[in-house]
1. Condition test on W317, is it open to solvent by 30 Å² or more (accessible area, probe 1.4 Å) and either among the polar types (S, T, N, Q) or on the phi < 0 side of the Ramachandran plot (or both)?
2. Out of (1) modelled with pLDDT of 90 or more; (2) over 30 Å from S439 (Cβ atoms); (3) crowded, with 22+ Cβ neighbours inside 10 Å, the odd one out for S145 is which?
3. Would you say D332 is part of a helix (DSSP H, G or I), closer than 30 Å to V59 by Cβ and either at pLDDT below 90 or over 51 Å from the mean Cα position of the chain (by Cα) (or both)?
4. Considering T152, T183, T176, T119, which residue is surrounded by fewer than 17 Cβ atoms within 10 Å (Cβ to Cβ) and under 34 Å from the mean Cα position of the chain (by Cα)?
5. Determine whether L456 is open to solvent by less than 60 Å² (accessible area, probe 1.4 Å) and within 32 Å of the chain's Cα centre (by Cα).
6. For segment 285-306, which residues satisfy the criterion of being open to solvent by 60 Å² or more (accessible area, probe 1.4 Å), assigned to a helix (DSSP H, G or I) and not aromatic (F, W, Y)?
7. Conditions first: (1) of a type in the set (G, A, S); (2) open to solvent by 20 Å² or more (accessible area, probe 1.4 Å); (3) under 30 Å from V118 (Cβ atoms). S471 passes all but one, so which condition is the exception?
Amino acid sequence: MAAMTTVPSYTPSLWVRVCHALPRLDLTMQMRDNIFVPDSWEYQQTLLVLSSLSAIALVISLLVVLSFLIHYCCCHRGDRSEGSDEEEEDEDGSTGHGYSGKKGRGICCVTWVAVAAVTLCCVAIGIGFYGNSEANDGMYQLTSSLLTANYTLASIDLLISDTIAGLQLSISGPLTTMEELFTGSKPFLVSTRNCRRLSENVMNLLSSISLARSSIGAGLGNDSSISGASIIPLTPVPPSVAPTVVPTSSLIPSPFSPGWAANTLMVNEDYRWLSYVLLLLLDLIVCLFILLGLAKQARWLLILMTVLAWLALFLSWGSLGLETATVVALSDFCSDPNTFVLNSTNFNTGTSSDVLDYYLTCSRRMNSPFQQLLTQSQRALSNIHTHLSSLDRNALPQFPKAEKSLREVQQILNSTEGNFHQLVALLNCRGLNKDYIDSLKGLCYDGMEGLLYLSLYSFLSALAFTAILCSLPGAWRSFPSESEEYEDSDSESEDPFTSHQARRQTASGSQRGAMAPFYNYPGAGWTPPFSSAPPLP
C-alpha cells in the first residue's frame, strides 16, 4: 500500500496569537476581540487610535528635548558669570586644553551620552535591516505563491476552453458531415446523433465549473472563433514562466484575482523596501557624522546633523505608528484567514462556498464539489469513444467516404481526453491549497516577524535620536569659542620655545609685580675678598 502524503497545514505563530490576544479599543471604548473587518469604519478607528499612540510618544519626546534645551540655554547662563570668579583657581588645576576639572567631567559625560545614543541607534539600524529583509522575503514568497495559483487557475480556464472548443468543432464539422453520409442507414445515423448529444452534454457539464465560467460562456457564444481553433493538449509550464497577468477572461472577480493581487503587492513592496532602505541609510549617516562632528568639534557639521536628527526623529515615530497598525491588522487576519477569505470573496453566480472551502481546507473527509461533474463527463467521453469504435468497425466498409470525418472526430476526442485528464489533476485541491498555505506562511510568518523587527527598530531609533538631541546642546557648550581659540593661538605664537607652564608663571608674575632682571641672581651682591694685588688700571 502506498504511503499517504500529508496535506500541508497552517497554524498561527506565537507572535500572531500574542498580538491578536492584546485588547484593542475603538473610539466607543468597546472591546473588539476576534473581529477582522478591515472595511468597517469602527475597525479603522481602532487602528487610528493605535497608530496615534506613536504621536503621543512623539509629543513626549519633543517635551523632553525642549526641557533639555531650556536647561542648557537658561540655567547655564548664570553658571558662566559665577564661574568667572573661579577661573584663576580652575586654571591652576586645568589640563593641557585649558578646561577645568569640573568642565572636563561635564564634557566627558556629554560625550559618553552621545556615544551611547549613537551606539543604540546603530544597533537599531542593524535590527531594521534584518526586519526589512525578512518582510521582503515574506512578501516575495506571498507573491510567488499567488502567481503559481494564478497560473493554475489560468491553466484550468484554458483546458476547459480548449475541451469545449474541440467538442464544438467536432459537432459543427465532421459529425455533421457523417450525419449527411449516414442518412440512408438508421443505426449508423443514431450512433452519430448519440455522439453529438453526448458531446453537447460534456460541454454543458464543463460549463458548469465556476472557475472558468465567464470565459466558457464567451466561447460558446462565438461559434465563428471556435470553428477555426486548433485543439492542442495543454502542458503546464513551470511556475517560473507562468503568466503574471490575468487573462482577459477573468477567472475570479478582478479585486480578488491572484494575479492582480500579486502584481499590486509587488509594486507596493518595491516602494516599501526602498523607503526603509533610504530611512536606514539616513539614520546611519546622521549617527556617523554626529560622531565626526563631536570628534572634530565642528559646529557647522553639528548644526546640519541636528536638523537631520530632528527629521529622523519624526520619521521614526511616524513609521512606528504605521507599523503598529499594520501588525495589529495582520495579526487579526492571520489568526483565522479562512473565515475572512470566505466572507470577503465575491462569488460568481451559481458558485457556493463549498468550492472555496474545499480548496482552503483540502480535508480528506471532503469530496471535490466537481467530482460528480467530472465523473459524468468521463462517462460521456467513454460512450463517445464506444460509438466511434462501433462506427469504425461497421460503417466504414459500407461508407468509405466517412473515413476522413471519422478520423477527425477520433483525433479531437483523443485531444479532449488528454485535456480532461489534466483538468482532473488541476482541479484537485492539493495544488491550490499548497499555494494558499505557502502564501499564508510567507505573509504571517516572515512578514509578521519582519514587521515586528521594524517596529523595534523604529522604537529604538526614536529613543536614540531623542537622547542625541538632548546631549547635543551640552556638546555645543563644551566646544571652545572662537575668541578662546584666537587667544590660545596668539599666546602660543609669541615664543614657540616657551612652555605653557612658563607662560602661566610669567602671567602670574606680571600680576604680582615687575619681574627681576635675569642678571639679578642671588650672588649678584657678593664682593671679592681683600687681595694684595694692585688694582688694574
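1. no
2. Just one mismatch for S145, condition (2).
3. So D332 passes the test.
4. Values: T152 fails: surrounded by fewer than 17 Cβ atoms within 10 Å (Cβ to Cβ); T183 fails: under 34 Å from the mean Cα position of the chain (by Cα); T176 fails: under 34 Å from the mean Cα position of the chain (by Cα).
Just one listed residue meets the conditions, T119.
5. For L456, the condition - open to solvent by less than 60 Å² (accessible area, probe 1.4 Å) and within 32 Å of the chain's Cα centre (by Cα) - is not met.
6. Within segment 285-306, I285, L288, L291, L292, A295, K296, R299, I303, L304 qualify.
7. Looking at each condition in turn, S471 falls short on (2).
One line per residue, one yes/no per condition, for (1) among the hydroxyl-bearing types (S, T, Y); (2) in contact with a strand residue (DSSP E or B) (Cβ under 7 Å, 6 or more places away or on another chain); (3) more than 21 Å from V286 (Cβ to Cβ); (4) open to solvent by 40 Å² or more (accessible area, probe 1.4 Å):
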{"position": "I412", "(1), (2), (3), (4)": "no, no, yes, no"}
{"position": "S415", "(1), (2), (3), (4)": "yes, no, yes, no"}
{"position": "A425", "(1), (2), (3), (4)": "no, no, yes, yes"}
{"position": "N428", "(1), (2), (3), (4)": "no, no, yes, yes"}
{"position": "D435", "(1), (2), (3), (4)": "no, no, yes, no"}
{"position": "S439", "(1), (2), (3), (4)": "yes, no, yes, no"}
{"position": "G447", "(1), (2), (3), (4)": "no, no, yes, no"}
{"position": "L451", "(1), (2), (3), (4)": "no, no, yes, no"}
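The values are calculated or read from the model by the stated rules, or taken from the named source; none is laboratory data. Being a predicted model, the structure only gives us computed values, none of them experimental. Don't worry about glycine lacking a Cβ; one is built from the backbone with ideal geometry, like all the others, and counts go over all protein chains shown. Heads up: the accessible areas ignore ligands, DNA and RNA and are worked out on the full protein's heavy atoms, side chains in. Shrake-Rupley method; radii C 1.70, N 1.55, O 1.52, S 1.80 Å.
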